[in-house]
Structures are given as C-alpha cells and as structure tokens.
Amino acid sequence: MNIEQELVWWLDTNIPQGKQNKSRDTQAVLLHYGFGDMMRPTLEQIGAQLSIGTKERVRQVLQTTFKGIASIDSFPVLRSGLQIISKYDFASI
C-alpha cells in the first residue's frame with residue numbers, strides 16, 4: 001500500500017457512507033495534498049474543479065472531512081515514510 005492508497009482507504013472508512021458528497025470530499029482532500037492531475041492546486045482551483053464554491057467552503061470541507069479528525073497514528077505507511085525521511089538532513093534554498 002502506498003500513501004495515496006492509505007489516504008483513500010482512510011477517507012472511505014471515515015467519511016460516513018450516507019454522506020451526499022462523499023466522493024467530492026474525498027477528491028478535494030486528495031487534490032489538496034497533491035494527488036491527481038494538478039500539483040497542489042489552490043483552494044480556488046479545487047472549488048472550481050469540483051463545483052464546491054469559494055475557497056472558504058473548500059477549507060471547511062477539508063477541515064470537517066480530514067484535518068479536524070485525522071492523526072498521524074491513523075497512517076502507518078505515511079508514518080514510516082516520515083521516519084525514513086527524518087533521518088536525512090535537508091537544506092532549504
């Protein structure tokens with residue numbers, strides 16, 4: 001399983017099945033974190049692509065769907081990747 005698959009699985013498991021916009025909300029989270037056709041689109045671009053509306057509405061969707069309820073403990077693949085990356089020194093330019 002890779003990080004994108006892990007995120008999709010988590011979203012599928014944690015967004016209630018009966019939620020009207022489950023697919024759209026999942027896609028909004030994926031786009032926000034750089035998975036998909038666009039590299040890190042703005043909130044405005046996500047809103048336009050998914051017909052969500054304003055950047056504030058996209059921010060609300062991200063908060064209620066993912067940011068407000070997820071924790072690193074929910075993502076073992078991501079956590080192990082972060083542990084590997086943290087062993088290396090990086091210089092910012």
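Would you please give the residues with an amide H less than 5 Å from that of Phe75, counting only those at least 5 places away or on a separate chain, with H modeled from the backbone geometry?
Counting only residues 5 or more places away or on other chains, the set is empty.
Amide H to amide H under 5 Å from Phe35: which residues, 5+ apart in sequence or cross-chain, H placed 1.01 Å off N in plane?
none
Enumerate the calculated ³J(HN,Hα) couplings along the range 48-56 in order (Karplus 6.51 cos²θ - 1.76 cosθ + 1.60, θ = phi - 60°), each rounded to whole Hz, writing x wherever the residue is Gly or Pro.
So the J values, rounded to whole Hz, are 5, 5, 9, 6, 8, x, 6, 5, 5.
For the pair Asn14 and Lys55, how long in nm is the line joining their label points, each one 7 Å along Cα→Cβ?
2.5 nm
Over the heavy atoms of Arg59, what accessible area does a 1.4 Å probe trace out, to the nearest 10 Å²?
Using a 1.4 Å probe on the heavy atoms, I get roughly 110 Å².
Regarding the chain, what whole-number volume in Å³ per residue does the convex hull of its Cα atoms give?
Details: hull volume 11.2 nm³, N = 93.
Expressed per residue, the convex hull around the Cα atoms of the chain is 120 Å³.
State the percentage of accessible surface on the range 32-83 attributable to carbon and sulfur atoms; use a 1.4 Å probe and exclude ligands, DNA and RNA.
Values: 1810 of 3300 Å².
Ligands and nucleic acids excluded, carbon and sulfur give 55 percent.
Which residues among the range 1-21 fall inside the zone where the amide N is under 18 Å from a point 7 Å beyond the Cα of Asp73, along Cα→Cβ?
Answer for the range 1-21: 10-11, 14.
Considering only C-alpha atoms, what is the centroid distance from the range 39-93 to the range 1-21, in Å?
14 Å
Where a Cα-Cα gap under 23 Å defines reach, which lysines qualify for Lys67, not counting those fewer than 8 residues away within the same chain?
Counting by Cα, and skipping residues close in sequence, Lys67 has these lysines nearby: Lys19, Lys22, Lys55.
Just how much of Phe75 is accessible, in Å², when a 1.4 Å probe is used and the result is rounded to the nearest 10?
Roughly 10 Å² of Phe75 is accessible to a 1.4 Å probe.
From the phi angles alone, apply the Karplus equation (6.51, -1.76, 1.60; θ = phi - 60°) to the range 72-88 and give each ³J(HN,Hα) in whole Hz, x where the residue is Gly or Pro.
Per residue, the Karplus-derived 3J(HN,Hα) values read 4, 5, 7, 10, x, 5, 4, 4, 5, x, 5, 5, 5, 5, 5, 6, 10 Hz.
Rounded to the nearest 0.05, what FRET efficiency is calculated for Gln5 and Gln45 with R0 set to 22 Å and r the Cβ-Cβ distance? Write down the numbers at each step before the final one.
Numbers: r = 24 Å, r/R0 = 1.09.
So the FRET efficiency works out to roughly 0.40.
How many Å² of accessible area per residue for the chain, probe 1.4 Å? It would help to have the intermediate numbers written out before the result.
Details: 6420 Å² over 93 residues.
Per-residue accessible area for the chain comes out at 69 Å².
Just to be sure I understand the model, the point goes 7 Å from the Cα along the line to the Cβ. What's the resulting Lys22 to Thr64 distance in nm?
1.6 nm
The values are calculated or read from the model by the stated rules, or taken from the named source; none is laboratory data. This is a predicted model, so every value here is computed, not measured. Every residue, glycine among them, receives a Cβ derived from its backbone with ideal geometry; neighbour counts consider all protein chains shown. Just the protein is used for accessible areas: all its heavy atoms, side chains included, with ligands, DNA and RNA removed. Shrake-Rupley method; radii C 1.70, N 1.55, O 1.52, S 1.80 Å.
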